[in-house]
Amino acid sequence: MGNGKVFFVGAGPGDSGLITLKGKALIESADVILYDRLVNPRLLEHAKATCEFIYCGKLPNRHYMKQSEINALLIEKSLQGLNIVRLKGGDPSVFGRVGEEAAAITEHGIPYEMVPGITSGIAAPLYAGLPVTHRDFASSFAVVTAHDKSGKPDMDWEGLVRGVQTLVFYMGIKNLGYICEQLIKNGKSPFVPVMVVQWGTWGRQRSVKGTLGDIREKIAAHHIQNPAIIVIGDIISFRQHSWFEEKPCIGMNILAVQSGEEEHLPTGLLREQGAEVMEWPRWKPLETAADDAVLNGIDRFDSILFTSQKSVRLFFSRLNALKIDIRRIRARLYASEPLVQAALQERGLMADQQKDLPDSGRCLLIGSPQAVEAKPHPECETFITHEQMIDNRFTSMMKREINEFPIDIILFANRKCVELFMSEAKEIGISPDDAIDHIHAVCLSHEAERAAIEARFKLVHVLGEDVPLEDYLHELNTARPQVSIANR
């Protein structure tokens, strides 16, 4: 077996849409992905079901995995003939220690490629409404690490003051006082403007403006912490507002619960409005052998119940593959919920609600094993259209993310989603008892609303048909107490 190959890929600053096309393609084909703390977990959803995820996160005060351990893992996995994506936040070459990792694998004859990414020092200010250059304010900029091996930046401060108009410091909250002191000591005015951007390009982004003389007090008042980018220079005078931070759902952290049955949750729309949206759980399909004998006798059933939109699509797809004429179906059709009724209606088929299903006669239940488990009466038969299970590769990363940035709102599309949350939420670090008291349950159907009330959620909302979702959530965000992200 030959050696595998390592691809050092820049994941971008946080917004999952800022990955390069080449980076996304490599994620899709990787056998193993080693990813950092500031990599958006949404990017790993592009990976194949067999890909192994390894977390290499670093916090300011502790390391989940030491650099020597990361190097050893890259070597170990590559020598097994696997293709590795080393996924790094921002650009791997900007304070990403990519040179050390590349040198380590080169000693073992392991080939590699490097894929640039958008660095946070440019992206975070831009999402805060500030370019790092402007012909009226700044024709030069420098990116600077805010700490070295000694813990504080050691550099030519006089040269920075004299030769560069815009300074961008990475991860400098701890040393911000020292940075301001050195710049003032070497010729900068205490009134030079400063802007600090926390969690740049994420839905939790916040920015604070000040001067070299007062920025420390201002970020303390707003509880700004790392990860943050510090921008220093007259160009900050150009900045009028942040197009990103003014979005109606900015600062909201939403958990969109998925039953695995294609709820079509409006996650893309919410992210466009500035919200941070986590889709949970992630599902992966299992191989299933269809019992085609049931379909060959489709004309013997009196009633057929479809349990999901996916079951509708897969059922008729299988009929087509077996060349079974749809006109052989003489049964009355039933749907578990309105969206399933709509899916059948799109095919020109009318269906009644599940509550009207007869409690006798030959009945066929169609869907996943979990959906058809409860039979209305003993004569019911089942046809399994698909099997799936929760993809536990995402469980630990979801738990870390929620621990760092707690959930404000849970989206429920239907009863299944509510029941799933109540049974599985502890796996991602959420106590169902705490959730029903403090987290807003936003229901996308009256069925979900009834289930949330039965589960004893105290803050239950159902969306009206004529209310755009982003407007509703904006109103909800305005009405509830505003809590500092850093303090939650």
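The values are calculated or read from the model by the stated rules, or taken from the named source; none is laboratory data. From a predicted model like this one, the values you see are computed outputs, not experimental measurements. With ideal geometry, Cβ positions are generated from the backbone for all residues, glycine too; neighbour counts draw on all protein chains shown.
Test Arg204 against the stated conditions and say whether it is of a type in the set (Lys, Arg) and more than 16 Å from Ala123 (Cβ to Cβ). Spelling it out, it is not the case that Arg204 is of a type in the set (Lys, Arg) and more than 16 Å from Ala123 (Cβ to Cβ).
When we screen Thr166, Thr201 for residues that are over 26 Å from Arg37 (Cα atoms) and polar (S, T, N, Q), the only hit is Thr166. In summary, helices (runs of 4 or more DSSP H) completely within segment 386-439 and bearing 3 or more residues that are over 15 Å from the mean Cα position of the chain (by Cα), assigned by TED's automatic domain parsing to the domain that holds Ala455 and within 18 Å of Val277 (Cα to Cα) occur at 415-424.
Among residues belonging to segment 128-144 that are in contact (Cβ under 8 Å) with a residue 40 or more places away in the chain and farther than 13 Å from Val231 by Cα, point out the one that is surrounded by the fewest Cβ atoms within 10 Å (Cβ to Cβ). Spell out the reasoning first.
Of all residues in segment 128-144, those in contact (Cβ under 8 Å) with a residue 40 or more places away in the chain come to 128-134, 136-138, 141, 143.
Now drop any that are not farther than 13 Å from Val231 by Cα, which leaves 134, 136-137.
Numbers: His134: 17, Asp136: 9, Phe137: 17.
My answer is Asp136.
Residues of segment 303-330 that are part of a strand (DSSP E or B) and within 23 Å of Leu265 (Cβ to Cβ): Phe306 alone. Has segment 77-86 got any residue that is outside any loop (DSSP other than H, G, I, E, B) and either at positive phi or in the same structural domain as Asn226 (by TED's automatic domain parsing) (or both)? No, the conditions are met nowhere in segment 77-86. The single condition among (1) more than 30 Å from Asn175 (Cα to Cα); (2) among the aromatic types (Phe, Trp, Tyr); (3) not in a strand (DSSP E or B) that Phe95 does not satisfy is (1). Looking at segment 275-289, is at least one residue loosely packed, with under 15 Cβ neighbours inside 10 Å, within 23 Å of Ala371 (Cα to Cα) and β-branched (Val, Ile, Thr)? There is at least one residue in segment 275-289 that is loosely packed, with under 15 Cβ neighbours inside 10 Å, within 23 Å of Ala371 (Cα to Cα) and β-branched (Val, Ile, Thr).
Do we find that Phe137 is more than 22 Å from Ile173 (Cβ to Cβ) and either hydrophobic (A, V, I, L, M, F, W, C) or under 30 Å from the mean Cα position of the chain (by Cα) (or both) in this structure? The answer is yes for Phe137.
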